[in-house]
1. Enumerate the calculated ³J(HN,Hα) couplings along segment 50-61 in order (Karplus 6.51 cos²θ - 1.76 cosθ + 1.60, θ = phi - 60°), each rounded to whole Hz, writing x wherever the residue is Gly or Pro.
2. When only Cα pairs under 8 Å and 6 or more residues apart are kept, what is the percent relative contact order across segment 1-157?
3. Counting only protein heavy atoms, what percent of the accessible surface of the chain is carbon or sulfur at a 1.4 Å probe?
4. Taking a quarter of the surface of the Cα convex hull of segment 44-174, what do you get in nm²?
5. Can you find, among Phe172, Thr151, Leu183, the residue sitting farthest towards the positive end of the charge dipole of segment 144-188, where Lys and Arg contribute +1 and Asp and Glu -1 at Cβ?
6. Provide the per-residue ³J(HN,Hα) series for segment 110-115, in order, calculated from phi with Karplus coefficients 6.51, -1.76, 1.60 and θ = phi - 60°, each as a whole number of Hz, with x at glycine and proline positions.
7. How large is the dipole of segment 29-140 about the Cα centre if only Lys and Arg carry +1 and Asp and Glu carry -1, each at its Cβ, rounded to the nearest 20 debye?
8. Over all pairs of distinct alpha carbons, what does the Kirkwood formula give as the hydrodynamic radius of segment 11-99, in Å?
Amino acid sequence: IGFVVAIIRVTNHKTGKLSIASGICKVYLSIMRGTPVMVQLLIFFFVILSPMGIDKFPAAVICFGLNSGAYVSEIVRGGIVSIDEGQMEAGRSLGFNYIRTMYHIILPQAFKAVLPALANEFIVLLKETAIAGYVGVTDLTRGANIIRGITYQSFWPLLAIAAIYLIMVMFFTKLVDILERRLRKSER
């Protein structure tokens, strides 16, 4: 979602094409970035998707995907805009059209530039899923609350889910570090 929205907005900015789609993307970004994810989750499930018969888990996935897509689009758009305009001119002088220039020259450079920010957004998304229990999705936080209700102990269940989230974040951070090193090696 984020890549598509970013491409639409950048294409509109650079070529003037796709102005209606870019306007729709701006409205989407304003709504998703301007409202809290918990409110979005409650609206998506209770107001929009539940009456259509869509279950809790798919509703949470859709909500978190749309929310994160808005932030990813701005990260990717910033990365594309940060690439020197001469790169586009170089691609065009090689005979590439706009799409091939974006695909072969601009996007690979932009991806390297935004990888840390994308990894950060992924980690934020992972941690935000802790609120999915508000619509009844059984996640780590809801599981800890169930255990707390049975055992009347708060410390150990909450400490356990904090440790699980920390381990997951450290694992994904390590994967991103490996990917960044590989991308740096391919530069040489």
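The values are calculated or read from the model by the stated rules, or taken from the named source; none is laboratory data. Model, not experiment: these values are computed from the prediction. Virtual Cβ from ideal backbone geometry, glycine too; neighbours counted across all protein chains shown. Calculation scope for accessible area: heavy atoms of the full protein, side chains included, ligands and nucleic acids excluded. Shrake-Rupley method; radii C 1.70, N 1.55, O 1.52, S 1.80 Å.
1. Rounded to whole hertz, the list is 4, x, 8, x, 7, 6, 4, 5, x, 5, 5, 4.
2. That works out to 24 percent.
3. Roughly 67 percent of what the probe reaches on the chain is carbon or sulfur.
4. Dividing the Cα hull surface by four gives the mean projection, 10.9 nm².
5. Selected residue: Leu183.
6. 5, 4, 4, 5, 9, 3
7. Magnitude of the dipole: close to 100 debye.
8. About 15.5 Å for segment 11-99.
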